[in-house]
1. Scan the stretch 62-83 and tell me whether some residue there is in contact with a Phe, Trp or Tyr (Cβ under 7 Å, 6 or more places away or on another chain) and within 19 Å of ILE134 (Cβ to Cβ).
2. Please find, within the stretch 24-51, the residue that is modelled with the lowest pLDDT out of those that are assigned to a helix (DSSP H, G or I) and surrounded by 10 or more Cβ atoms within 10 Å (Cβ to Cβ).
3. Being without any contact (Cβ under 8 Å) to a residue 60 or more places away in the chain, surrounded by fewer than 16 Cβ atoms within 10 Å (Cβ to Cβ) and in contact with a Lys or Arg (Cβ under 6 Å, 6 or more places away or on another chain): is that true of PHE73 here?
4. Mind listing just one residue for me: the one in the stretch 85-109 that is over 15 Å from the mean Cα position of the chain (by Cα) and of a type in the set (Ser, Thr, Tyr) and, of those, nearest to SER68 (Cα to Cα)?
5. Restricting to the stretch 82-103, name every residue that is touching a Ser or Thr at 6+ places or on another chain (Cβ under 9 Å) and buried (at least 19 other Cβ atoms within 10 Å of the Cβ).
6. So which of ASP109, ASP60, ASP89 is touching a helix residue (DSSP H, G or I) at 6+ places or on another chain (Cβ under 8 Å) and within 17 Å of PHE37 (Cα to Cα)?
Amino acid sequence: MKTTLKEELSTLTREELTEIKTFVLALLTHDEKPNRFIFNADAYFTRYNGGWTKTVTGLDKSKTNGYSIEGEFVKNGDQYYEEGKLYIDKGVGGSRKNHKNTYTLFTFDDQGSVIVIKVIEDCEWVKNKSNWAIQLWPSIEEFLNK
């Protein structure tokens, strides 16, 4: 601390010092809010036959399907997404007769770039004889526990 600042502080009253202390503590304990970005999942992921995006806040392992992934659905179009938050997107591509579902687990870095954590396509979860959601559980747990 500079000597001049120390000298200035020594001239203050107890009330003034208490006020400064409160202000400094508030600054030191203030949690920074994560960066927020406007993102349009409909434009980024396949939506030829529909789809959705949802935040991922936890798992309910008493269920073995998509309902096991807890969180809120995100509205379509331009929406605010947060750095460091986990999201899942279901994109429905393929033809009108033969849909192809793609499930993408993703987050954002501090610059607003999408970071894809894991992708599951229809053929993978049918081949592995387990629901797509169960295949995402390890990646979800790893992300949420870091």
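1. No; the residues of the stretch 62-83 include none that is in contact with a Phe, Trp or Tyr (Cβ under 7 Å, 6 or more places away or on another chain) and within 19 Å of ILE134 (Cβ to Cβ).
2. Out of the qualifying residues, it is LEU25.
3. Yes, satisfied.
4. TYR103
5. Of everything in the stretch 82-103, those that are touching a Ser or Thr at 6+ places or on another chain (Cβ under 9 Å) and buried (at least 19 other Cβ atoms within 10 Å of the Cβ) turn out to be LEU86, TYR87, ILE88, ASP89, LYS90, GLY91, THR102.
6. Exactly one residue qualifies, and that residue is ASP89.
The values are calculated or read from the model by the stated rules, or taken from the named source; none is laboratory data. Note that the coordinates shown come from a computational prediction; the quantities given were computed from them, not determined experimentally. Here Cβ is always computed from backbone atoms with ideal geometry, including for glycine, and neighbour counts include all displayed protein chains.
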